[in-house]
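Colleague: One structure, pasted below without further comment.
Every number here is computed from the coordinates shown, using simple stated rules; none is lab data. Predicted, not measured: the structure shown is a model, and the values here were computed from it. In this analysis, Cβ positions are derived from the backbone assuming ideal geometry, glycine residues included, and neighbour counts consider all displayed protein chains.
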Amino acid sequence: MDSPWLQLIFSLADRFGESDPRKIACLPAEILRYWEAWFSLTDPTCDITPAAPSAPPSRTPVDKQCADIMRILG
């Protein structure tokens, strides 16, 4: 996976036995960042790497369409 967030979400879903990773993805960002930090501190062999802080990406028309689709689905 190219996205560190997707990797984190799927790893959390696997770890907690959650069959639907969308439930993990719906958690607030603060909780996901907490788990990301916890994994990086407690399990050095874990394949979750902390994401570098970055500026929010600019929204393109495709991003807006994807967000609209996810809002409708979810």
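Colleague: Tell me, what HN-Hα J-couplings in whole Hz come from the Karplus equation 6.51 cos²θ - 1.76 cosθ + 1.60 at θ = phi - 60° for each residue of the range 28-41, using x for Gly and Pro?
Modeller: Per-residue couplings from phi come out as x, 4, 4, 5, 5, 5, 4, 5, 4, 5, 4, 4, 5, 8 Hz.
Colleague: Still on this structure: What distance in nm separates the simple spin-label points at M70 and E18, each placed 7 Å from Cα in the Cβ direction?
Modeller: 1.4 nm
Colleague: Another question about this same structure. Which order do R15, R59 fall in if you start with the one that has the fewest other Cβ atoms within 10 Å?
Modeller: Result, fewest neighbours first: R59, R15.
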